[in-house]
Amino acid sequence: MTDSVLDIPVKRIDGSDTTLADYRGKVIMVVNVASKCGLTVQYEGLEKLYETNRDAGLVIAGFPANDFKGQEPGSNEDILSFCTLTYDVQFPMFSKIAVTGEERHPLYNSLIASGVETTGDGPMRERLAKHGLETGQDGGIVWNFEKFLIGRDGKVAARFAPDVTADDPRLLSALERELARAD
């Protein structure tokens, strides 16, 4: 068991090994992303949020996942090309991982185990249930574009439902609070 989510091994989208410890002392927003989802347009808001706040210490870490209805079917190269060409994504992207089930990546095991309550939980889950999709049981990931905010201290400070967008006042308030902290 590692001391912090920052120390869990992950891979950059180019396949090279790393950890989120590269961003120690910064505020990190971890997002499970997908290229063929109704929420994919959130890339635009996330990139804007990153550009606006990166000098203040924000890092957005995109983790592509194909866990929901096959909405991220491409290779890492395909994903990077899509993100760059369609949304001019500049924030760090990582290799495709699983965020649900038995193959769930240790990073997501740790993020979920933090027990931080999900802001905005409910509406998205209800819409999915109407379509016969029961997801996110027992604190798991509900859908693509769920967001975890990790404070400068390396601890999970907030969690946001997939349909909480980058310009949502609840997310912006939590982000401002974490950016203001000097850990």
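The values are calculated or read from the model by the stated rules, or taken from the named source; none is laboratory data. Here the structure is a predicted model, which is why all the values come from computation and not from measurement. Counting neighbours? That spans all protein chains shown, and the Cβs are built from the backbone with ideal geometry, glycine included.
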Are any residues in segment 3-39 closer than 19 Å to residue 97 by Cα, more than 17 Å from the chain's Cα centre (by Cα) and at pLDDT below 95, and if so, which ones?
none
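Just checking, does segment 141-153 include any residue being surrounded by fewer than 18 Cβ atoms within 10 Å (Cβ to Cβ) and either modelled with pLDDT of 95 or more or of a type in the set (Lys, Arg) (or both)? Outline the logic, then answer.
Of segment 141-153, the ones surrounded by fewer than 18 Cβ atoms within 10 Å (Cβ to Cβ) are 153.
This time we only want the ones that are either modelled with pLDDT of 95 or more or of a type in the set (Lys, Arg) (or both), so: none.
No, the conditions are met nowhere in segment 141-153.
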Touching a Gly at 6+ places or on another chain (Cβ under 8 Å), buried (at least 21 other Cβ atoms within 10 Å of the Cβ) and within 17 Å of residue 143 (Cβ to Cβ): does that describe residue 5?
no
Mind checking which pairs have a first residue in segment 121-141 that is more than 23 Å from residue 170 (Cβ to Cβ) and a second that is at pLDDT 80 or above and charged (D, E, K, R), Cβ under 9 Å, 6 or more apart or different chains?
133/69; 133/127
Out of 95, 114, report the one residue that is within 30 Å of residue 181 (Cβ to Cβ) and in contact with a helix residue (DSSP H, G or I) (Cβ under 7 Å, 6 or more places away or on another chain).
95
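So if I check each of 41, 59, 30, which one is surrounded by 16 or more Cβ atoms within 10 Å (Cβ to Cβ) and either in contact (Cβ under 8 Å) with a residue 40 or more places away in the chain or farther than 18 Å from residue 95 by Cβ (or both)? Before you say what the answer is, go through the steps one by one.
On the way: 41 fails: surrounded by 16 or more Cβ atoms within 10 Å (Cβ to Cβ); 59 fails: either in contact (Cβ under 8 Å) with a residue 40 or more places away in the chain or farther than 18 Å from residue 95 by Cβ (or both).
Matching residue, one of 41, 59, 30: 30.
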